[in-house]
1. For the subset of region B:32-42 comprising residues that are farther than 18 Å from A:Ile101 by Cα and in a helix (DSSP H, G or I), which member is nearest to DNA strand C (Cβ to nearest atom)?
2. Going residue by residue through region A:17-31, is there one that turns out to be more than 9 Å from DNA strand C (Cβ to nearest atom), modelled with pLDDT under 95 and open to solvent by 50 Å² or more (accessible area, probe 1.4 Å)?
3. Answer yes if at least one residue in region B:68-85 is more than 22 Å from A:Leu103 (Cβ to Cβ) and surrounded by 18 or more Cβ atoms within 10 Å (Cβ to Cβ), and no otherwise.
4. Return yes when A:Gly67 is on the phi > 0 side of the Ramachandran plot, within 12 Å of DNA strand C (Cβ to nearest atom) and not assigned by TED's automatic domain parsing to the domain that holds A:Arg96 and no when it is not.
5. Filtering region A:1-10 down to residues that are more than 10 Å from every other protein chain (Cβ to nearest Cβ) and within 22 Å of the chain's Cα centre (by Cα), which residue is most open to solvent (accessible area, probe 1.4 Å)?
6. Could you tell me which numbered condition B:Ala71 fails, if it satisfies all but one of (1) in contact (Cβ under 8 Å) with a residue 40 or more places away in the chain; (2) part of a strand (DSSP E or B)?
7. Checking the condition away from DNA strand D (no atom under 13 Å from the Cβ) and under 26 Å from A:Ile142 (Cα atoms), which residue from A:Gln99, A:Gln62 passes?
8. For region B:43-51, does any single residue satisfy the condition of being assigned by TED's automatic domain parsing to the domain that holds B:Leu138, in contact with an Asp or Glu (Cβ under 9 Å, 6 or more places away or on another chain) and either more than 28 Å from A:Arg116 (Cβ to Cβ) or not charged (D, E, K, R) (or both)?
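The values are calculated or read from the model by the stated rules, or taken from the named source; none is laboratory data. Quantities reported herein were computed from a predicted structural model and do not represent experimental measurements. We place every Cβ from the backbone using ideal geometry, glycine too, and count neighbours over all the protein chains shown. Quick note on the areas: whole protein, heavy atoms, side chains included, nothing else; ligands and nucleic acids left out. Shrake-Rupley method; radii C 1.70, N 1.55, O 1.52, S 1.80 Å.
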Number of protein chains: 2
Amino acid sequence: MENEKQMYIEECGLLFEKLGLTRMAGRAFGYLVVCDEDHVSFKQIQEALKASKGSISGTMKQLVQTGMAEAVSLPGDRKTYYRISKIKIGDMIRQRISQFIELADTLQKGDDLKNREDETSGWLTEASTFYYWIGDQLDGIIKTWENEKQKIIQQYHANKKEHST
Amino acid sequence: MENEKQMYIEECGLLFEKLGLTRMAGRAFGYLVVCDEDHVSFKQIQEALKASKGSISGTMKQLVQTGMAEAVSLPGDRKTYYRISKIKIGDMIRQRISQFIELADTLQKGDDLKNREDETSGWLTEASTFYYWIGDQLDGIIKTWENEKQKIIQQYHANKKEHST
DNA sequence: CATTTAGTTCAATAATTTTTGAACTAAATG
DNA sequence: CATTTAGTTCAAAAATTATTGAACTAAATG
């Protein structure tokens, strides 16, 4: 079982890497998910991941800054503890979508810059508009989620098989 | 003007890097956007980007494979030409969202693996469901886009100022 | 069939990113 | 106020990823 958790932690490392974050950040996140306590100390994380203090220091800053973990401090205890952050569930997607806004800006800029008025130009307008539009749609979607969360979770729980890859 | 295009090409390189692709792929894409022809040869790209044949070879494969560029071949000409791909506009987002499905799977798996039944567990269920759900929503959104494209583009074109940055 | 053209492959190199580890700050404790 | 504890910073090392360049395939041309 502990071995399975170790494997899970490494799996998270690789997933995070694929999402453009660091492997160590993934490991730390995975550890926060499967560890047996609600929150764990810097040292526990360091020992669990067998990494240097410097590496954990940077990694935890990354996780806190991106909102994936939160620091916990306790009265009469000068250690810093960490737990996975339960807030702002839509933010990771929102942040990703903002990259598409940037892509849209870039496509539009490229269109302005080129010396031809052709099929490509039309497509660039279409593509950039698509990315702007989908960014805007997102806010509506996240609102829907907030309002109908309970209902949606029940639904997805009922037909679990339909959505498991 | 040509200098501005060069700068644009480099800007695309950096953007693509941020999106998790390679800088060279971004440069090549940028070049396809601002070049004065509809399609350009392998050699033109290589010369414009001052890169090696090997690098361009790999890069163009990447762009074609991810659907961002398409190869063009002409009768009586054994060169391969490339142009930006005008098809499958939603695919890039779809592909990105599929990463969230994977994230959802991983969160759920972590929940199953841990030895506590607590607040975190509820949150993990909520988070994984959110990512499954938003993946499903996307298909509907892309369908809406396909159906109302014209109207939406007009709308966004009319109030350009509201959406620039 | 030798040569040129078009592009691929892949080992070596360059560039970048991550991780370590040692020296440091800053707060608490004896 | 010296020592311990908690964590940070940053230069150097390790690991990873991208790019080059040379040798190669495969098709077309003379």
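1. Filtering region B:32-42 down to residues farther than 18 Å from A:Ile101 by Cα leaves B:32, B:34-42.
If we keep only those that are in a helix (DSSP H, G or I) too, we end up with B:32, B:34, B:42.
Working: B:Leu32: 14, B:Val34: 21, B:Phe42: 3 Å.
In this case the residue turns out to be B:Phe42.
2. Scanning region A:17-31 turns up at least one residue that is more than 9 Å from DNA strand C (Cβ to nearest atom), modelled with pLDDT under 95 and open to solvent by 50 Å² or more (accessible area, probe 1.4 Å).
3. Yes, some residue in region B:68-85 is more than 22 Å from A:Leu103 (Cβ to Cβ) and surrounded by 18 or more Cβ atoms within 10 Å (Cβ to Cβ).
4. Values: on the phi > 0 side of the Ramachandran plot: yes; within 12 Å of DNA strand C (Cβ to nearest atom): no; not assigned by TED's automatic domain parsing to the domain that holds A:Arg96: yes.
No.
5. A:Gln6
6. Every condition holds for B:Ala71 apart from (1).
7. Values: A:Gln62 fails: away from DNA strand D (no atom under 13 Å from the Cβ).
When all the criteria are applied, what remains is A:Gln99.
8. We begin by selecting, within region B:43-51, every residue assigned by TED's automatic domain parsing to the domain that holds B:Leu138; these are none.
Among the residues of region B:43-51, not one is assigned by TED's automatic domain parsing to the domain that holds B:Leu138, in contact with an Asp or Glu (Cβ under 9 Å, 6 or more places away or on another chain) and either more than 28 Å from A:Arg116 (Cβ to Cβ) or not charged (D, E, K, R) (or both), which makes the answer no.
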